[in-house]
Amino acid sequence: MTYQEACHEVMQIEQEIQVLQQRKYREEQGLELKKKELTKYTDDLYREHYDVKQLEKNSIGTLIKKISGNYQKEYEKETKEYLAAKAKYDEFTIIIEDQKAQVNRYKNEIFHKEQELKVKKQEIRNNYPEGIELAQKEDEVRKKLYAQKKELSEAITATHRVFELAKNALDEYKSAKSWATYDTFFKGGLISDLVKYDKIDNASAIISQLQSATYRMKKELKDVKIAFDSNINQIDGSTRFFDIAFDNIFTDWNVRDKLASNVDEISRYCSKIESLLVSLRNEERSIEQRLAAL
């Protein structure tokens with residue numbers, strides 16, 4: 001076998017691994033969707049089972065239904081609905097188990113192909129003069145990939161920190177908005193003002209940390225050539241003064257609207273960060289796969 005023929009075999013195995021990885025990814029995505037659907041059918045199953053058990057109890061309601069002659073009809077109806085829910089649940093359970101098995105089959109095939117690839121590459125290094133040059137190039141690629149992986153790991157850590165802070169700030173702003181709504185429509189007075197602004201204080205403190213964390217995240221993202229921008233607004237101190245001092249419907253509405261705006265803005269921010277995390281982790285997974293193939 002010539003060096004070119006050996007290299008062709010290596011390329012063919014690499015392509016097979018790539019196809020298998022794509023199939024495994026699609027199967028995993030489908031599996032996650034089916035799991036979400038199964039949650040709904042599980043809820044339906046429990047609800048229908050509960051309805052049947054309620055009819056089987058010796059309760060006053062059951063006795064009345066038996067006396068009125070409606071019991072058998074209702075029992076058959078609930079039993080039928082329970083069996084239908086169970087059939088759907090069983091169907092999805094089987095589908096999910098089949099998909100899990102398929103994912104595992106792809107994982108095993110990929111593992112064996114990767115082992116075969118390593119053997120083929122080692123044979124090229126050992127049996128052909130050109131293999132020395134190939135080994136040197138692979139070492140260079142490996143070093144670059146490890147460096148990229150390290151940068152990605154730091155970017156993921158910094159981005160995850162931002163995501164956690166943004167979620168915490170969102171929770172505080174949502175709570176403050178609820179209190180502002182209560183204050184607006186039911187005139188909660190001083191107590192609701194204090195609780196509301198305690199929540200705003202908590203959110204503001206988190207936002208301060210978030211801005212610092214975002215700055216750190218941007219620096220890390222530059223190292224992996226990803227740009228990200230953000231703009232977080234905070235409620236100002238003068239609004240607090242007018243809200244507590246004059247406590248009327250106009251200032252209450254003003255605070256509530258600003259809080260609603262903050263909730264919407266940070267919700268969008270959280271979605272951006274979450275999407276960014278997915279992209280970073282997918283890139284990290286891709287690098288790990290490329291390293292495993294070397």
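The values are calculated or read from the model by the stated rules, or taken from the named source; none is laboratory data. Not measured: the values here are computed from a predicted model. Counting neighbours? That spans all protein chains shown, and the Cβs are built from the backbone with ideal geometry, glycine included.
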Checklist outcome for this item: Across region 1-52, the tally of residues that are surrounded by fewer than 17 Cβ atoms within 10 Å (Cβ to Cβ), of a type in the set (F, W, Y) and under 30 Å from K77 (Cα atoms) stands at 2
Next on the checklist: I'd like to check something: does region 145-157 contain any residue that is touching a residue at least 12 places away in the same chain (Cβ under 8 Å), under 15 Å from E14 (Cα atoms), among the hydrophobic types (A, V, I, L, M, F, W, C) and buried (at least 17 other Cβ atoms within 10 Å of the Cβ)?
Outcome noted: no
Checklist outcome for this item: Of the residues in region 125-137, those that are surrounded by 12 or more Cβ atoms within 10 Å (Cβ to Cβ) and within 18 Å of L291 (Cα to Cα) number 3
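Inspect region 103-112 for any residue being under 34 Å from the mean Cα position of the chain (by Cα), in a helix (DSSP H, G or I) and closer than 15 Å to L291 by Cα and give the result as yes or no.
yes
Might you check whether a residue that is under 28 Å from N127 (Cα atoms), among the aliphatic types (A, V, I, L, M) and at pLDDT 85 or above occurs anywhere in region 3-13? Give the derivation first.
Of all residues in region 3-13, those under 28 Å from N127 (Cα atoms) come to 3-13.
Filter again for among the aliphatic types (A, V, I, L, M), leaving 6, 10-11, 13.
Within this subset, residues satisfying the condition of being at pLDDT 85 or above are 13.
Within region 3-13, one or more residues are under 28 Å from N127 (Cα atoms), among the aliphatic types (A, V, I, L, M) and at pLDDT 85 or above.
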Item to check | Residue match in region 79-99 (condition: modelled with pLDDT of 85 or more and within 20 Å of R285 (Cβ to Cβ)) | outcome: yes
Checklist entry - Here are some residues: A135, A158, A176, A169. Which one is part of a helix (DSSP H, G or I), more than 30 Å from I266 (Cα to Cα) and among the small types (G, A, S)? => result A135
